[in-house]
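Q: Mind having a look at this structure? Questions to follow.
The values are calculated or read from the model by the stated rules, or taken from the named source; none is laboratory data. Here the structure is a predicted model, which means the values were calculated and not measured. Neighbour counts are summed over all protein chains in view; Cβ atoms, including those assigned to glycine, are modelled from backbone coordinates with ideal geometry.
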Amino acid sequence: MTSFVPNMRADKTTRNRDDLRVMIAGSVFCILLVMLQGTYVKFYDTFLADRPFVSATVELVYVDSDLAPLVKYDADALQPSSGTWTAAVYRENGTRLTSRKGKGNYTDAKDDPKYWSWSGWFDNENSDPPDVPTEPFYVCVRYDVKANDSGVDDSTKNFCSNVFYPNEPERNTLIDNLANEEIIR
């Protein structure tokens, strides 16, 4: 067996000299680990990390014929990320009506979906929210983010809601059906 495995031990000299070799080798190894940590994190996020960094669930909820629908929304991040969100309104046939962009920070802390008002969900602090369409529509959100620790970019696909029918309340998810779920915030 020794003919196949090379001898990897150093010859023994004096105790102090052997200890010094171990300390020097360990120090060099620790310095390399510290210096290459950023490279390793960037490599991991680029090639090995789960994608997308941020995902979302979106659902439109009918409240009343005089009110805009509520948006039940939850964004979950696999790792802390920051970047741009793009929320858009589409006709039932997939034609885009309007969109808004804004900045967001996403943490990997677990949370539950929240109910947002129409204007709150589209609020980018720069422009007014879009009008609620009078024809069947759905909303989508997508993200262009960077991982906070490595700076690696990630872009997501659209995360879309159910189709909302403004003139046919019975075809929508009704707020009455969700009232037992939790208190609406």
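Q: Quick test of your reading of the structure: Tyr106 fulfils all but one of (1) over 30 Å from Glu135 (Cα atoms); (2) modelled with pLDDT under 90; (3) not small (Gly, Ala, Ser). Name the failing condition by number.
A: (2)
Q: Residues to consider are Tyr143, Tyr115; find the one that is touching a strand residue (DSSP E or B) at 6+ places or on another chain (Cβ under 9 Å), in a strand (DSSP E or B) and under 11 Å from Val61 (Cα atoms).
A: When all the criteria are applied, what remains is Tyr115.
Q: Answer yes or no: is there a residue in region 24-40 that is surrounded by fewer than 13 Cβ atoms within 10 Å (Cβ to Cβ) and not in a helix (DSSP H, G or I).
A: Looking through region 24-40, none of the residues is surrounded by fewer than 13 Cβ atoms within 10 Å (Cβ to Cβ) and not in a helix (DSSP H, G or I).
Q: For Arg91, indicate whether it is out of contact with any His (no Cβ under 6 Å at 6 or more places or on another chain) and either aromatic (Phe, Trp, Tyr) or within 29 Å of Val152 (Cβ to Cβ) (or both).
A: no
Q: Tell me the residue from Tyr73, Tyr90 that is in contact with a helix residue (DSSP H, G or I) (Cβ under 7 Å, 6 or more places away or on another chain) and either closer than 12 Å to Leu60 by Cβ or surrounded by fewer than 15 Cβ atoms within 10 Å (Cβ to Cβ) (or both), please.
A: None of the others qualify; the one that does is Tyr73.
Q: Looking at the structure I just gave you, is Asn105 polar (S, T, N, Q) and part of a loop (DSSP other than H, G, I, E, B)?
A: no
Q: For the subset of region 69-97 comprising residues that are assigned to a loop (DSSP other than H, G, I, E, B) and without any contact (Cβ under 8 Å) to a residue 60 or more places away in the chain, which member is farthest from Arg142 (Cα to Cα)?
A: Restricting to residues being assigned to a loop (DSSP other than H, G, I, E, B) and without any contact (Cβ under 8 Å) to a residue 60 or more places away in the chain, the top hit is Asn93.
Q: What number of residues within region 146-178 are in a helix (DSSP H, G or I) and within 28 Å of the chain's Cα centre (by Cα)?
A: 2
Q: Here's a follow-up. Quick one: count up the residues across region 41-70 that are surrounded by 11 or more Cβ atoms within 10 Å (Cβ to Cβ) and out of contact with any Ser or Thr (no Cβ under 6 Å at 6 or more places or on another chain).
A: 14
Q: With the structure loaded, tell me whether Ser81 is surrounded by fewer than 18 Cβ atoms within 10 Å (Cβ to Cβ) and of a type in the set (S, T, N, Q) or whether it fails that test.
A: no
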